[in-house]
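Q: There's a structure below that I have some questions on.
The values are calculated or read from the model by the stated rules, or taken from the named source; none is laboratory data. Owing to the predicted nature of the structure, the values given are computational and were not obtained by experimental measurement. Every residue, glycine among them, receives a Cβ derived from its backbone with ideal geometry; neighbour counts consider all protein chains shown. Just the protein is used for accessible areas: all its heavy atoms, side chains included, with ligands, DNA and RNA removed. Shrake-Rupley method; radii C 1.70, N 1.55, O 1.52, S 1.80 Å.
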Amino acid sequence: MAGVSSRSGLWWDDLEPGRSWSSDPRTVTARDVSSFADLTGDDHPLHTDADAAAGGPFGGVVAHGLLGLSLAHGLMWASTHELDESAVAFLGIRDWQFLAPIRPDDEVRVEYTVVARSSAPGKPRGVVEFDVRVLNQHDDLVQSGVKTMLISRKVVA
């Protein structure tokens, strides 16, 4: 027997390739960078020492690349909350590129688009791939790649 969820939001069934979103921007603070360094143990001077970083390849302190990736993931869900009930698991990333530094006081936002989805008949969940683009306040592309998520189906046949 087919089951249909009565909950609101978006489900695997709603996520047709081509559907896109853009998040609100978020300012990356110096505290974000230092907290991430404390959390991960990555206290490399490029992230934690303004004097040392000034002479480095980026001319100042930069956020950890993985902080940018983490913020991208959070911004995807915080932007609409439409997948709060249906998202089950983050399955992976591919082709993720760190293209430009993210600096304290930069504003980042995420643009993301469904590029593929798959599900076996009768299964309660399916896989959705999102093309993700992280941009700064100047519309510079700073990170990009494909994130794969396990998403619940609204209708199970």
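Q: Computing the accessible area with a 1.4 Å probe over protein heavy atoms, can you report the carbon and sulfur percentage for the chain?
A: In the chain, the share of accessible area belonging to carbon and sulfur is 51 percent.
Q: I'd like to know how segment 44-97 sits against the 2.2 N^0.38 Å rule of thumb: what's its Cα Rg over that expected value?
A: 1.59
Q: Quick one: Cα centre-to-centre distance for segment 79-108 and segment 53-68, in angstrom?
A: Each part's Cα centre sits 19 Å from the other's.
Q: Moving on to the next point. Expressed in whole Å with the largest first, what are the equivalent ellipsoid semi-axes of segment 74-157 derived from the C-alpha gyration tensor as the square root of 5 times each eigenvalue?
A: They are 29, 13, 9 Å, listed from largest to smallest.
Q: Here is a follow-up. Please report, in cubic angstrom per residue, the volume enclosed by the convex hull of the alpha-carbon atoms of the chain.
A: Spelled out: Cα convex hull of the chain, divided by residues, is 110 Å³.
Q: Give the angle, between 0 and 90 degrees and rounded to the nearest 10, that separates the Cα long axis of helix 65-78 from the longest principal axis of the Cα atoms of the chain.
A: 40 degrees
Q: Counting only C-alpha contacts under 8 Å and six or more residues apart, can you give the relative contact order of the chain as a whole percent?
A: For the chain, the relative contact order is 33 percent.
Q: How large is the accessible surface per residue of the chain, computed with a 1.4 Å probe and reported in Å² as a whole number?
A: For the chain, the per-residue accessible area is 53 Å².
Q: Another question, if that's okay. Could you give the dipole magnitude of segment 22-154 about its Cα centre, charging the beta-carbon of Lys and Arg +1 and that of Asp and Glu -1, in debye to the nearest 20?
A: The calculated dipole for segment 22-154 is roughly 860 debye.
Q: Regarding segment 9-89, what is the average projected area of its C-alpha convex hull, in nm²?
A: One quarter of the hull surface, i.e. the mean projection, equals 7.0 nm².
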